[in-house]
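A short write-up of the structure that comes next.
Here, each number is a calculation from the coordinates, and none is a lab measurement. Here the structure is a predicted model, which is why all the values come from computation and not from measurement. Positions of Cβ are generated from backbone atoms using ideal geometry, with glycine treated the same way; all protein chains shown enter the neighbour counts.
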Amino acid sequence: MRMKSTGGSRSCATARGAATSALRTAVALALAATLALGGCNAMRGLDSKGRPLAKHFKVDVSGLDWVIIIYYPHRRNQSFTRPVYLALNGTGEIDFKCGRSPLVWNDFSDQVDDPYWNELFVDRKNIPPKRMEKIYQALVDEGLFPRYDIRAMNAEDLSKRPLVRIRAKIGMERTLRVMDDPAVIEIIESVLENFEHLGRAAARLQEEDEGEETVERRRR
């Protein structure tokens with residue numbers, strides 16, 4: 001025998017329909033909000049983490065690639081008390097320089113009368129190009145090459161430490177940036193760990209000249 005539909009069944013169906021409709025509305029609103037936020041960031045040239053939109057590509061290392069870095073350490077850094085020079089070459093060479101000599105920043109300096117002319121700590125290490133490629137890839141993945149022009153850092157930003165100034169050419173891409181991005185800083189500091197003994201040696205000379213109290217007061 002065929003039974004007739006009851007009003008209760010219609011009520012349940014109506015309730016389920018209303019619930020489904022409400023769920024769809026909530027999902028649509030949440031999605032719209034997410035897209036709106038992403039859209040606003042994109043309009044400002046920022047990614048979902050608030051960083052400048054960047055060019056991402058697979059690195060195929062070449063001997064013509066290079067990344068030159070000036071690393072400005074935190075004032076409480078015990079290994080590096082002054083800015084240091086670091087060059088990552090596509091050939092696999094890593095060049096490091098620190099100290100108070102003008103030769104740290106200019107290989108062709110003629111300031112031979114500088115009192116710190118000989119205070120130069122230099123080292124060079126060689127790694128396989130494929131290992132250098134991984135370092136390059138990590139920097140690219142963390143947004144080294146911005147997709148659009150970005151604003152210059154203001155005085156307050158430039159006072160932050162640690163900080164890096166990077167001039168780079170990888171493949172067809174070039175950039176000149178000042179960055180305080182923690183992920184990029186971490187990559188650079190992992191390379192600098194190989195040269196901490198030189199940084200400490202330079203710091204000891206500086207402490208002998210200035211006195212430990214002066215150096216400690218500057219770190220506070």
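Using the Cβ atoms and a cut-off under 12 Å, what net charge is assigned to the surroundings of TRP117, where Lys and Arg are +1 and Asp and Glu are -1?
Summing Lys and Arg as +1 and Asp and Glu as -1 gives -3.
When the C-alpha atoms of region 66-219 are aligned to their principal axes, what extent does each axis show, in angstrom, from largest down?
Here the spans come out as 46, 35, 29 Å, largest first.
Mind ordering 139-145, 168-174 by average Cβ neighbours within 10 Å, highest first?
Going by the mean number of other Cβ atoms within 10 Å, highest first, we get 139-145, 168-174.
Could you sort the peptides 182-194, 90-102 by per-residue average Cβ neighbour count (10 Å cutoff), highest mean leading?
Answer by packing, highest mean first, reads 90-102, 182-194.
Please give the peptides 49-55, 198-204 ranked by average Cβ packing (other Cβ atoms within 10 Å per residue), highest first, as a rough proxy for protection.
Highest to lowest by the protection proxy: 198-204, 49-55.
For ILE187, what charge total do you get from the other residues with a beta carbon under 11 Å from its beta carbon, if Lys and Arg give +1 and Asp and Glu give -1?
In short, -4.
Using a Förster radius of 22 Å, what is the FRET efficiency between ILE70 and VAL112 based on their Cβ-Cβ separation? Nearest 0.05, please. Don't skip to the answer; put the middle values down first.
Details: r = 23 Å, r/R0 = 1.05.
Computed FRET efficiency for ILE70 and VAL112: 0.45.
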